[in-house]
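Working notes, beginning with the structure itself.
The values are calculated or read from the model by the stated rules, or taken from the named source; none is laboratory data. If you're wondering where the values come from, they're calculated on a predicted model, not measured in any experiment. All Cβ positions, even for glycine, are placed from backbone atoms using ideal geometry, and neighbour counts span all protein chains on display.
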Amino acid sequence: MNMTQKTERITYFVEVVLPLHLPEYYTYRVPFEYNDYVAVGQRVVVQFGQKRLYSALIRRIHAQVPGYQTKYILSILDDEPIVTEMQFKFWEWMADYYMCYVGDIMAVALPSAFRLASESTIAVHPDFAGEYDSLAAAEMKVLEALMNKSVLSITEIITITGYQKIFPLLKTMIEKKIIVMEEEIKQRYMPKKEKYIRLSDTYKENETAVKELFDRLEKKTATQKQLMVMLSFFQLSEFGKNAVLKKQLSQRNDLSSSALQTLIRTGVLVEEERAESRLIDAQATHDADDIQFSEQQQQAFSTFTHPDAKSVTLLHGVTSSGKTEVYIKLINEAVKEGKQVLYLLPEIALTSQVINRLRRYFGDKVGVYHSRFSTNERAEVWQKTIMADNGGYQILLGARSAVFLPFQKLGLVVVDEEHDSSYKQYEPAPRYNGRDSAIYLAHLFGAKTILGSATPSLESYYNAQNGKYGLATMDKRYGGLLMPEILCVDMKEASRQKEVQVHYSKFLLDHIQEALDNKEQVILFQNRRGFSLRLECEACNWVPQCKHCDVSLVYHKQSNSLRCHYCGYSIPIPAECPACHSTSLKMKGFGTEKIEEDLAIFFPNARIARMDLDSTTQKKRYIEILTEFEDRNIDILVGTQMITKGLDFDNVSVVGILSADNMISFPDFRSFERSFQQMTQVSGRAGRHGRRGKVIIQTYNPYHQVIRDVIDNNYFSMYKSQITERRVFRYPPFYKLIRITIRHKDEHVVNEAADFLAANLRQVFGNRVLGPEYPSVSRIRNLYLKNIQIRFEKSEAIAQAKKIIIDISNNICNQKQYSKLSIIHDADPV
Ligand code: ADP
Ligand code: ZN
Ligand code: ZN
């Protein structure tokens, strides 16, 4: 929105967003020489505070002289806006709704490559090959400074070079890959490499050569195996046009790997490693118009595309019912209309499986945006979202942060696994829900949203029931595949019959054995909560606690130590109890590590792996385990909720849920809903492509309603009983919750401030205010915590109430004795 004809000597001012926790926009003056160049959505460099420099975003341009002295903007960083008007509107809504400031959002929304500030640190680009001749004098000077000291902050560079207006220079140098932000080097994403096979250049697009090769191979018996390899290869590669995953080729029946090696050695085929995120062959190989829908899929599709369709549709489809295929067709329609598509997944479900599936249909129109990517890569995806029409991306696939991308003409939002609580961000602000924000974003664009799940959240299903959302149901698996058979083991009864060893029923063990005998795979699920191994003194019941947090330490076999899951504090295993000096310390609990160990005893020949929060702190390892399982190099996979998320394995015949009771009894108003979701989701991993799978649930409460509903695959029964409880006990979706957390290093101060805050809030909101209460973990990293909850009926004017809550909170923080107090607001906590 470049204002034309500004050259006449009018004094302009800009209001800018700074990437800081500040309640308002700040005004700066535009130097005359920039009059023609400033535009809303561009970055400018401004000074804020004593000597800090920041990249700020222009939100407004005007000519009203403010009643106070303003500083000048120092330089303009962008030729074109990098943030759209729509994004600003979205950020402003998000700040209001999630009770934070637009600056907080800017700080997480923009890839950090866009957030140069005086404290940003810069280093020489690792790939810079010393092409000094091409450098400008000023660039050379920066480089020299960096040669002496490998990392410098921008403030230091200014001091050394004496250049005040250095941001535009640094920005260009980053673009030219001469320097990088240091952060970039630290978090450089090491992409997973895959082996590919392609036709060598001699044979590529040379039909005669190929024909001669086939003739030659055909003639001799000795080369029959090579002929088979070539036939398979040609089939998979569309007659040599594409590269083929080596894995995929090797999976072909009776394919000889020595024949493949010979073909590579003799220069017919070439083996190459390629990074997964940078697929060279990103061309589409399939046409979404060719997908033939089942009747249920067709109905779901029509519900969504009907002229009277609601703007949001919930697709409730059992696992493997073909939801993804429905999304693909909807995406296809949007893309044909020239619209952009946002496809959200929970972070952990964002695997190459989904990415490849979309690329098969939409090729290089698909961009992927998630935290495994480096900030440079994210900046690239950002730019390609802006360039939608000019060779950019039309389909953006990502975890929740993809809602921040600069869409130009959004036409469709897909939120898969919409029930997943990892759509909600906990730390830091904005504490937003990716699903709900995406729905609002779609609304801004007049776009439509499809929410998909086999186990919808009660909130979404309620909206579908009362007509706010459309509803499509697919209760059968695609292709006539049967739903898994769900069996339940009564552990009380089994113990009586002496058919339980440690924590395992004979029934489950027998089924695992049977699967192993048939060369099928097994998944064992153990809920994380309360099941980690702890040390306990048998004499006095002493349990080692964290020094900094109010939790017990958890045993880690690998490091043979006790560790805190909140702050990482760890101690070696004590030889005796410090309280009573007894030496009889025992391990208590039933964690995934213990299960892995037990199984090795029961099934000494099985290949067993574990996937939980501890073994997957590195996401790379997570992907490796999945790939190994997919490639059938693992027989039994033990894991926490991580393994329930949207994975597609085709050889799993038994899924065991080791203890259903712990999930159900967790003290939270969502625990029945969550238990149902987790058990149903993990059940969905059984028998997806082969025969009917089996799910075995171990429980001491076989007649518990939730377990009955899981066994009957009866979502609606779970929904009905839960929705009644929510209404009676005043929970979502009938009420909106706001949680306020008060945090300080002194327990006294927390208590006093929390009481004071609650009293102030009660004066306005009466008995809607609950607490203060200690949360289940009341101290983390030496900070004490207390919670206050406020419940509003859905019909109430919550926007206004949120403003009042913030004002009351700020008033408390502004008092001297509370200056170090944090008050955290969380709208719609999950
Ligand atoms: P969901 O997303 O509901 O779990 P998927 O979309 O992954 O289900 O479908 C399950 C399997 O069925 C996949 O292998 C998919 O390719 C196949 N499938 C689903 N719908 C169709 C269709 N219309 N034509 C061909 N294959 C389909
Ligand atoms: Zn003791
Ligand atoms: Zn701790």
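Can you find even one residue in the range 270-284 that is out of contact with any strand residue (DSSP E or B) (no Cβ under 9 Å at 6 or more places or on another chain) and modelled with pLDDT of 90 or more? No, that holds for no residue. Restricting the range 479-536 to residues that are among the charged types (D, E, K, R) and under 21 Å from I711 (Cα atoms) leaves a set whose member that is farthest from the chain's Cα centre (by Cα) is E493.
Listed by position, the helices (runs of 4 or more DSSP H) inside the range 221-275 whose residues that are of a type in the set (G, A, S) and free of Cβ contacts under 8 Å to residues at least 60 places away in the same chain number at least 3 are 257-265. The strands (runs of 3 or more DSSP E) located wholly in the range 85-190 that include 1 or more residues which are out of contact with any Ser or Thr (no Cβ under 7 Å at 6 or more places or on another chain) occupy 121-124, 179-181. For D96, the conditions (1) out of contact with any helix residue (DSSP H, G or I) (no Cβ under 8 Å at 6 or more places or on another chain); (2) in contact (Cβ under 8 Å) with a residue 60 or more places away in the chain; (3) surrounded by fewer than 20 Cβ atoms within 10 Å (Cβ to Cβ); (4) not hydrophobic (A, V, I, L, M, F, W, C) all hold with the exception of (1). Filtered by the rule that a residue be of a type in the set (S, T, Y) and either at pLDDT 95 or above or part of a helix (DSSP H, G or I) (or both), the range 785-830 gives S809, Y818.
Filtering the range 47-101 to residues that are touching a strand residue (DSSP E or B) at 6+ places or on another chain (Cβ under 7 Å), at pLDDT below 90 and within 21 Å of E175 (Cα to Cα) leaves L53, Y54, S55, L74, S75, I76, L77, D78.
Look at (1) farther than 21 Å from N662 by Cα; (2) at pLDDT below 85 and you find that Q526 fails only one, number (1). Given the structure, is R632 more than 16 Å from ligand 2 (Cβ to nearest atom), charged (D, E, K, R), surrounded by fewer than 21 Cβ atoms within 10 Å (Cβ to Cβ) and outside any helix (DSSP H, G or I)? When the stated conditions are applied, R632 passes them. Say we look at the range 579-613 and pick out the residues that are surrounded by fewer than 13 Cβ atoms within 10 Å (Cβ to Cβ) and within 20 Å of D510 (Cβ to Cβ); which of these is farthest from ligand 3 (Cβ to nearest atom)? Per the stated criteria, the residue is N605.
Being under 17 Å from L53 (Cβ atoms), among the aliphatic types (A, V, I, L, M), surrounded by 16 or more Cβ atoms within 10 Å (Cβ to Cβ) and more than 29 Å from the chain's Cα centre (by Cα), is that true of even one residue in the range 105-128? Within the range 105-128, not a single residue is under 17 Å from L53 (Cβ atoms), among the aliphatic types (A, V, I, L, M), surrounded by 16 or more Cβ atoms within 10 Å (Cβ to Cβ) and more than 29 Å from the chain's Cα centre (by Cα). Residues that are assigned to a strand (DSSP E or B), away from ligand 2 (no atom under 16 Å from the Cβ) and closer than 27 Å to K786 by Cβ within the range 538-569 comprise V554, R563, listed in sequence order.
Residues that are outside any loop (DSSP other than H, G, I, E, B), in contact (Cβ under 8 Å) with a residue 60 or more places away in the chain and buried (at least 18 other Cβ atoms within 10 Å of the Cβ) within the range 18-60 comprise R43, V45, L53, Y54, S55, listed in sequence order. For the range 304-324, the tally of residues that are surrounded by fewer than 20 Cβ atoms within 10 Å (Cβ to Cβ) and over 22 Å from V403 (Cα atoms) stands at 5.
Can F301 be described as of a type in the set (F, W, Y), touching a helix residue (DSSP H, G or I) at 6+ places or on another chain (Cβ under 8 Å), in a helix (DSSP H, G or I) and surrounded by 15 or more Cβ atoms within 10 Å (Cβ to Cβ)? Criteria met by F301.
Applying the condition of being more than 27 Å from E596 (Cα to Cα) and surrounded by 14 or more Cβ atoms within 10 Å (Cβ to Cβ) to the range 544-575 and asking which residue is farthest from ligand 3 (Cβ to nearest atom) yields D550. Taking L770, is it over 30 Å from S460 (Cα atoms) and in contact with a strand residue (DSSP E or B) (Cβ under 7 Å, 6 or more places away or on another chain)? For L770, the condition - over 30 Å from S460 (Cα atoms) and in contact with a strand residue (DSSP E or B) (Cβ under 7 Å, 6 or more places away or on another chain) - is not met. Look at the range 574-587: where a residue is acidic (D, E) and a partner is more than 16 Å from ligand 1 (Cβ to nearest atom) and assigned to a loop (DSSP other than H, G, I, E, B), sitting 6+ places away or on another chain with Cβ atoms under 8 Å, you get E576/S582; E576/T583. Within the option set R252, R216, R188, being modelled with pLDDT of 85 or more and of a type in the set (K, R) holds for one residue only, R216.
Residue by residue, here is whether (1) over 30 Å from D631 (Cβ atoms); (2) within 16 Å of ligand 3 (Cβ to nearest atom); (3) aromatic (F, W, Y); (4) buried (at least 16 other Cβ atoms within 10 Å of the Cβ) holds:
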position	(1), (2), (3), (4)
R496	yes, no, no, no
H511	no, no, no, yes
I523	no, no, no, yes
L535	yes, yes, no, yes
C577	yes, no, no, yes
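Residue by residue, here is whether (1) in a helix (DSSP H, G or I); (2) without any contact (Cβ under 8 Å) to a residue 60 or more places away in the chain holds:
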residue: I331; (1), (2): yes, no
residue: V335; (1), (2): yes, no
residue: V341; (1), (2): no, no
residue: F362; (1), (2): yes, no
residue: V368; (1), (2): no, no
residue: S371; (1), (2): no, yes
residue: A379; (1), (2): yes, no
